[in-house]
Amino acid sequence: MIKIAIDGPGGAGKSSVAKLVAKKLGIVYVDTGALYRTIGYYVKEKGIDPKDAPSVVSCLPNIKIEVKFVDGTQKVFLNEEDLGDKIRTPEMSMYASAVSAIGEVRSFLLDTQRDIAKKNSVIMDGRDIGTVILPDAEVKIFLFASPECRAKRRYEELRAKGQDVSFEDVLREMNERDKNDSEREIAPAKPAEDAIMLDNSDLDLEGTADAIIAIVKEKTESK
Ligand code: DC
């Protein structure tokens, strides 16, 4: 069993590359951002301000989140409903970022994440995987790229999905979200002390996956 933690800011390509590495290594890819997005979605549906911590916390007992893997793809169910791409909009990114700053929300999702890693070899992406969720992960990588480069990737990804967004809006939202996620008091997005920093501004998807696999090999073979 192996645990690989991939943390870093939005748009660094964590999910695409982690998916590819999971496939190449035959392990499970876990997208933890989807869990925060799911809570953000519930809160939005209820018309609650995601920054209103007491109201968000009072919702938690009514939320049941289940993670299932169908043909190697993660599906997250909110009270038995598969939300699919409904959690993938820029608005849901902001909702997720806001609810993720609330300590009770983070504790609520802790066991769900750890349980998956207990049962499977995983590559898990998020913001606090190496620092909080899997501090004993064999491999920890902090993946990053320049803000412009990350915004360009996110912009292209959203346009490809048919979403009508402007580059300026994507860049502004990305900077705002980076600030929220890295400056929050609880579990801020930051590299673990023993994380390897990987800048993929000049690497494509395959190049980034190869770099990660080389790090995994080096770490596991040296043990
Ligand atoms: O990775 P993502 O863009 O889907 O994440 C959405 C938000 O969820 C992100 O802005 C911060 C939060 N998040 C978090 O706080 N911790 C994680 N492990 C994953 C995501």
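Table for the structure above
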read-out	value
Out-of-range pairs (alpha-carbon distance over 32 Å; input Lys24/Lys46; Lys23/Lys46; Lys119/Lys179; Lys3/Lys64; Lys24/Lys190; Lys75/Lys217)	Lys24/Lys46; Lys23/Lys46; Lys119/Lys179
Vicinal HN-Hα couplings computed from phi for the stretch 126-142 (Karplus, 6.51 cos²θ - 1.76 cosθ + 1.60; Hz; Gly/Pro x)	x, 10, 10, 5, x, 8, 10, 6, 10, x, 9, 4, 5, 10, 10, 10, 10
For the chain, calculated [θ]222 nm from helices alone, where every DSSP H run of n ≥ 4 adds -39500 (n - 2.57)	-15500 deg cm²/dmol
The stretch 57-68 - phi-based ³J(HN,Hα) in whole Hz, Karplus 6.51/-1.76/1.60, Gly and Pro as x	4, 5, 7, 3, x, 8, 10, 10, 10, 10, 10, 10
Integer Hz, Karplus 6.51/-1.76/1.60 couplings in order for the stretch 25-42, x for Gly and Pro	9, x, 10, 8, 9, 10, 9, 7, x, 4, 6, 5, 5, 5, 5, x, 5, 4
Amide hydrogen neighbours beyond the local backbone of Val28, cut-off 5 Å, H modeled	Ser121, Val122, Ile123
Förster radius 35 Å - calculated FRET efficiency between Gln163 and Ile63, Cβ distance, rounded to 0.05	0.85
Cβ charges +1 (Lys, Arg) and -1 (Asp, Glu), total dipole of the stretch 1-65, debye	300
Cβ-placed point charges (K, R +1; D, E -1), dipole of the chain about Cα centre in debye, nearest 20	420
Student exercise, the stretch 121-214 dipole from Lys, Arg, Asp, Glu Cβ charges, in Debye to nearest 20	240
Exposure proxy ranking, count of Cβ atoms within 10 Å, fewest first, for Glu206, Glu104	Glu206, Glu104
In nm, spacing of pseudo-spin labels at Lys86 and Ala214 (7 Å Cα→C-beta vector)	4.3
Dipole axis of the chain (+1 Lys, Arg; -1 Asp, Glu on Cβ), positive-most option in Ser55, Ser16, Thr112	Thr112
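Where a number appears in this text, it was derived from the coordinates with a stated rule and is not lab data. Bear in mind the structure is a predicted one, so any value in this text is a computation, not a measurement. No Cβ is skipped: glycine too gets one built from the backbone with ideal geometry, and neighbour counts run over all protein chains shown.
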